[in-house]
Amino acid sequence: MEYISLSQALKKQFGTKVYKISLTSGCTCPNRDGKISYGGCTFCSEGGSGDFAAPFSPIEEQIKVAKEKVNGKFSSKIAEEDRKYIAYFQSYTNTYGDVERLEEVYKKAISYDEIVALSIGTRPDCIDEKVLKMLDRLNKIKPVWVELGLQTIHDETAKKINRGYKLETFEETYRKLKSIGVTVIVHVILGLPGENEEKILQTIDYLANLRPTLDGVKLQLLHVLKGTKMGEEYLKEPFKVFTLEEYTELVVKCLKHLPKETIIHRITGDGPKKLLIAPLWSGNKKVVLNALNKAIREA
Ligand code: SF4
């Protein structure tokens, strides 16, 4: 079977290879600083789900360091001046903070010619009218992507993982974001405790049927990590985690349930290896990607 991967979509849109560079906006998260809760989502590690991001420093410095980090991935045939990037603000909640300050940071990031788009990871309950207006203004300069960590449509799982908002909040924000024309990408975690294949596919079907149509999906394997509430729970009472075979089968099913036009940003996760508790096979990214690509090719 075939699907549109992010790298294919980017090549088509920008005519060349584009890499994301991980940057930090300096925001915290309301699910960690007490506004919603102090605990955070139970799977989230201290890095706020962005363990590879640069530490907060002036954005120019961050961009320089982050570009150096990914430059090794480009083919040597692509000259340095032709390399394109997406400014990716992944960790914590990047619309939770002073909007004027944030707009300045984001504007500066997209003022670079080689930065072709802006990607902002956030929560649907942290996008008010002021933020929407900012996103609208930025989207007129360069394409803006908003990445929402929905993880599941099931409110009972959301409660268990302390996500801190209801599905209706997602729906409302989703419609508002689509109405201003930004690109929306939804993150889903496969393998949350208490969720079997049926429940996961209900989330996928829900996303497949969203109107206006969803732009992209990021499928992520659940990584149980040290230093997280879920890690503690798992060590006390291990719950079922997928085997590699189960996971590859499930990813194939998810892809089959999604419309062909949906851009698939990821088919697995990228958890910090040193913190990984389970499933241990996920620490070998090459093996995982090979197994996934083989299963998808043969499906
Ligand atoms: S909303 Fe994001 S940063 Fe905040 S606790 Fe949840 S996963 Fe972590």
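Which of Pro212, Pro124, Pro30 ends up with the largest GNM mean-square fluctuation for the chain, with Cα atoms connected below 10 Å?
Its mean-square fluctuation being the largest, the pick is Pro212.
So, in Å, what gap is there between the alpha-carbon centers of the range 153-193 and the range 255-298?
First find each Cα centre; the distance between them is then 21 Å.
Heads up, I need the accessible area for Phe56: 1.4 angstrom probe, whole protein in place, Å², nearest 10.
Surface accessible to solvent at Phe56 totals approximately 120 Å².
Cut-off under 12 Å on the C-alpha distance; same-chain residues fewer than 8 positions from Lys218 excluded. Which aspartates and glutamates are left, in chain and number order?
Glu147, Asp270
Given axes a ≥ b ≥ c from the Cα gyration tensor, I'd like to know whether the chain is rounded (a/c under 1.5), prolate (a/b larger than b/c) or oblate.
rounded
Hey, quick one: spin label on Lys140, modelled 7 Å out along Cα-Cβ, who in the range 164-187 has an amide N within reach, i.e. under 17 Å?
It comes to 179-183, nothing else.
What figure, in Å² to the nearest 10, do you get for the accessible area of Thr173 with a 1.4 Å probe and non-protein molecules left out?
Accessible area, nearest 10 Å²: 10 Å².
First select every other residue whose beta carbon is under 12 angstrom from the beta carbon of Leu190; then total the charges, Lys and Arg +1, Asp and Glu -1. Provide the component values of the computation, followed by the final result.
Numbers: positive: Lys199, Lys218, Lys253, Arg266; negative: Glu195, Glu197, Glu246, Glu249.
My count for the surroundings of Leu190 gives 0.
Straight distance only, please: which lysines reach the Cα of Lys176 with their own Cα at less than 17 Å, same-chain residues fewer than 8 apart left out?
Leaving aside lysines fewer than 8 places away in the same chain, those within reach of Lys176 are Lys130, Lys133, Lys140, Lys166.
For Ser111, Ser25, write out the residues from largest to smallest accessible area, computed with a 1.4 angstrom probe and no ligands counted. Can you show the working numbers first?
Working: Ser111 75, Ser25 0 Å².
I get Ser111, Ser25, largest accessible area first.
Write down the percent of antiparallel bridges among all DSSP beta bridges whose residues are both part of the range 4-298, to the nearest 5.
Taking every DSSP beta bridge within the range 4-298, about 5 percent pair in antiparallel fashion.
Work through the residues other than Pro30 whose Cβ is under 13 Å from its Cβ and net out their charges, Lys, Arg +1 and Asp, Glu -1.
+1
At Asn293 and Arg175, where each label point lies 7 Å from the Cα along Cα→Cβ, what is the point-to-point distance in nanometres?
4.2
Between Lys286 and Lys240, what FRET efficiency comes out of the Förster formula 1/(1 + (r/R0)^6) with R0 = 22 Å and r the beta carbon distance, rounded to 0.05?
The pair Lys240/Lys286 has a calculated efficiency of 0.30.
Connecting C-alpha atoms closer than 10 Å in a GNM of the chain, tell me which of Lys107, Lys274, Lys159 has the biggest fluctuation.
Fluctuation is largest for Lys274.
Quick one: order Ile141, Ile161 from most to least accessible surface, probe 1.4 Å. Working shown, then result.
Values: Ile141 95, Ile161 5 Å².
Result of the area sort, largest leading: Ile141, Ile161.
Report the residue, chosen from Glu46, Glu168, Glu81, that carries the largest GNM mean-square fluctuation when the chain is represented by alpha-carbon nodes joined by springs under 10 Å.
Taking springs between Cα atoms under 10 Å, the residue moving most is Glu81.
Under the rule a/c < 1.5 gives rounded, and otherwise a/b versus b/c splits prolate from oblate, where does the range 176-247 land using the Cα gyration tensor? Write down the numbers at each step before the final one.
Numbers: a/c = 3.03, a/b = 1.99, b/c = 1.52.
Taking the square roots of the gyration eigenvalues as a ≥ b ≥ c, the range 176-247 is prolate.
For the chain, what does the helix formula give at 222 nm: sum of -39500 (n - 2.57) over DSSP H segments with n ≥ 4, over the residue count, nearest 500 deg cm²/dmol?
Values: 10 runs with 112 residues, N = 299.
Estimated from H runs of four or more residues: -11500 deg cm²/dmol.
Cβ under 14 Å from Ala299's Cβ, Ala299 left aside: what net charge do those residues give with Lys, Arg +1 and Asp, Glu -1?
Numbers: positive: Lys253, Lys256, Lys260, Lys294, Arg297; negative: Glu2, Glu245, Glu249, Glu298.
Combined, the nearby Lys, Arg, Asp and Glu give +1.
Once you measure Cβ to Cβ distances between cysteines in the chain, which Cys have no partner under 4.7 Å?
Cys27, Cys29, Cys126, Cys254
Could you compute how much accessible surface Lys130 exposes when probed at 1.4 Å, giving the result in Å² to the nearest 10?
110
The values are calculated or read from the model by the stated rules, or taken from the named source; none is laboratory data. Since this is a predicted model, take the numbers as computed values, not measurements. Here Cβ is always computed from backbone atoms with ideal geometry, including for glycine, and neighbour counts include all displayed protein chains. The area values use the complete protein model at the heavy-atom level, side chains included, leaving out ligands, DNA and RNA. Shrake-Rupley method; radii C 1.70, N 1.55, O 1.52, S 1.80 Å.
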